[in-house]
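Written out below as structure tokens is the structure these notes cover.
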Amino acid sequence: RDLGLATGWRTRLTLHSDAGGRAGFHAARSHEVVPIGDCLQADPALGLTELLTRRWPPDAQIHVSVSTAGKDVVVTSAVGRTAEGPTEHVHVVAGRRFACAADGFWQSHRLGAQVLVDSVRALVGEASGTTLLDLYAGVGLFGLSMSEHWQQVVLVEGDRRAAGYARANAAGDPSTRVVARDVRRWAHHPEPADVVVLDPPRAGAGRAVVTAIAATRARTVVYVSCEPSTLARDLAWFRDAGYEPDRIEGFDLFPGTAHLETVVRLRPTRR
């Protein structure tokens with residue numbers, strides 16, 4: 001689905017500087033830095049034009065991001081790491097406040113988080129039960145956005161900093177439990193769940209995690225993917241484990257690129 005923003009949608013990006021300190025992007029499949037004068041994808045709030053006029057330390061990485069908390073610029077180079085702006089970002093999604101580290105993961109499209117939450121909530125639909133399990137939970141976006149409908153929400157996140165934000169975003173909700181553990185370790189001892197939501201990195205979930213999700217005997221699984229190739233691989237493993245997709249939605253969260261965000265609902269084919 002096209003979200004209707006061809007330009008100005010990106011709220012975070014990473015620049016690189018060349019030997020002369022000029023900022024730009026890496027050429028395709030290369031570490032060569034190509035200096036630029038503008039980027040049509042950049043949200044105007046990033047102030048990219050001003051950043052591109054600066055001279056940076058040679059061979060630096062410049063991560064810039066923006067939220068309602070302001071603009072953050074983190075520079076990493078041979079001389080160290082510097083930061084300008086807030087240490088954390090704040091986003092409001094589905095009426096709920098989410099904080100995350102300024103240089104941590106968040107959807108780059110300024111409508112992305114809300115669009116994906118709406119999709120996941122719709123696909124979970126009227127599913128009922130006791131436990132919602134959110135794997136690769138990050139700062140709790142999906143699980144916490146649905147927590148009012150469940151007696152227990154379990155968020156599993158391997159990055160301890162993100163898991164800490166998930167706890168803070170839960171605001172002491174006794175129905176929410178945050179497990180600061182790599183999902184591959186969680187897969188050694190899966191717990192029963194009624195619904196499982198997973199949003200893995202580009203590498204996908206993998207066979208062991210898919211098998212563990214099947215072992216939860218969830219009635220609904222919703223898989224959020226940013227990489228179609230690993231999604232297809234994992235869906236084949238879900239089929240082997242007794243789950244088939246009954247709904248697939250695609251979102252153009254990366255306009256001007258070949259990338260696609262996909263949300264898939266799977267249901268068990270056998271018990």
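The values are calculated or read from the model by the stated rules, or taken from the named source; none is laboratory data. Please read these numbers as outputs of a predicted model, since none were measured by experiment. Positions of Cβ are backbone-derived with ideal geometry, glycine not excepted, and every protein chain shown enters the neighbour counts. Accessible surface areas use protein heavy atoms only, side chains included; no ligands, DNA or RNA. Shrake-Rupley method; radii C 1.70, N 1.55, O 1.52, S 1.80 Å.
Here is a yes/no grid of residues against (1) of a type in the set (Asp, Glu); (2) surrounded by fewer than 17 Cβ atoms within 10 Å (Cβ to Cβ); (3) at pLDDT 95 or above:
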{"residue": "ALA28", "(1), (2), (3)": "no, yes, no"}
{"residue": "LEU46", "(1), (2), (3)": "no, no, yes"}
{"residue": "ASP59", "(1), (2), (3)": "yes, yes, yes"}
{"residue": "THR87", "(1), (2), (3)": "no, yes, no"}
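Just a yes or no: is a residue in region 94-111 among the charged types (D, E, K, R) and on the phi > 0 side of the Ramachandran plot? Let's see the steps before the verdict.
So in region 94-111, the residues among the charged types (D, E, K, R) come out as 96-97, 103, 110.
Keeping just the survivors that are on the phi > 0 side of the Ramachandran plot gives none.
No, because not a single residue in region 94-111 is among the charged types (D, E, K, R) and on the phi > 0 side of the Ramachandran plot.
Of all residues in region 165-194 being closer than 17 Å to ARG96 by Cα and modelled with pLDDT of 95 or more, which is most open to solvent (accessible area, probe 1.4 Å)? Restricting to residues being closer than 17 Å to ARG96 by Cα and modelled with pLDDT of 95 or more, the top hit is ARG167.
None of THR11, THR76 is under 30 Å from ARG167 (Cα atoms), without any contact (Cβ under 8 Å) to a residue 24 or more places away in the chain and among the polar types (S, T, N, Q) except THR76.
Taking the numbered list (1) open to solvent by 10 Å² or more (accessible area, probe 1.4 Å); (2) in contact with a Leu (Cβ under 8 Å, 6 or more places away or on another chain); (3) assigned to a loop (DSSP other than H, G, I, E, B) in turn, GLY138 passes all entries but (2).
Among the candidates GLY158, GLY129, single out the residue that is over 19 Å from VAL210 (Cα atoms), open to solvent by 10 Å² or more (accessible area, probe 1.4 Å), out of contact with any Phe, Trp or Tyr (no Cβ under 7 Å at 6 or more places or on another chain) and assigned to a loop (DSSP other than H, G, I, E, B).
Details: GLY158 fails: over 19 Å from VAL210 (Cα atoms).
Matching residue, one of GLY158, GLY129: GLY129.
Listed conditions (1) of a type in the set (Ser, Thr, Tyr); (2) open to solvent by less than 70 Å² (accessible area, probe 1.4 Å); (3) more than 21 Å from PRO255 (Cα to Cα) are all met by THR53, apart from (2). The single condition from (1) within 25 Å of GLN114 (Cβ to Cβ); (2) assigned to a strand (DSSP E or B); (3) touching a residue at least 24 places away in the same chain (Cβ under 8 Å); (4) open to solvent by 70 Å² or more (accessible area, probe 1.4 Å) that HIS259 fails is (2).
Please verify whether region 84-98 includes one or more residues that are out of contact with any helix residue (DSSP H, G or I) (no Cβ under 9 Å at 6 or more places or on another chain) and of a type in the set (Asp, Glu). Checked region 84-98: at least one residue is out of contact with any helix residue (DSSP H, G or I) (no Cβ under 9 Å at 6 or more places or on another chain) and of a type in the set (Asp, Glu).
From the list ALA203, ALA218, ALA212, pick out the single residue that is hydrophobic (A, V, I, L, M, F, W, C), open to solvent by 10 Å² or more (accessible area, probe 1.4 Å) and at pLDDT 95 or above.
Among ALA203, ALA218, ALA212, only ALA203 is hydrophobic (A, V, I, L, M, F, W, C), open to solvent by 10 Å² or more (accessible area, probe 1.4 Å) and at pLDDT 95 or above.
Pairs are defined by a Cβ separation below 7 Å, a sequence spacing of at least 6 or placement on different chains, a first member in region 150-174 that is of a type in the set (Ser, Thr, Tyr), and a second member that is in a strand (DSSP E or B) and open to solvent by less than 40 Å² (accessible area, probe 1.4 Å); the pairs so defined are TYR165/ALA99; TYR165/CYS100; TYR165/ALA101.
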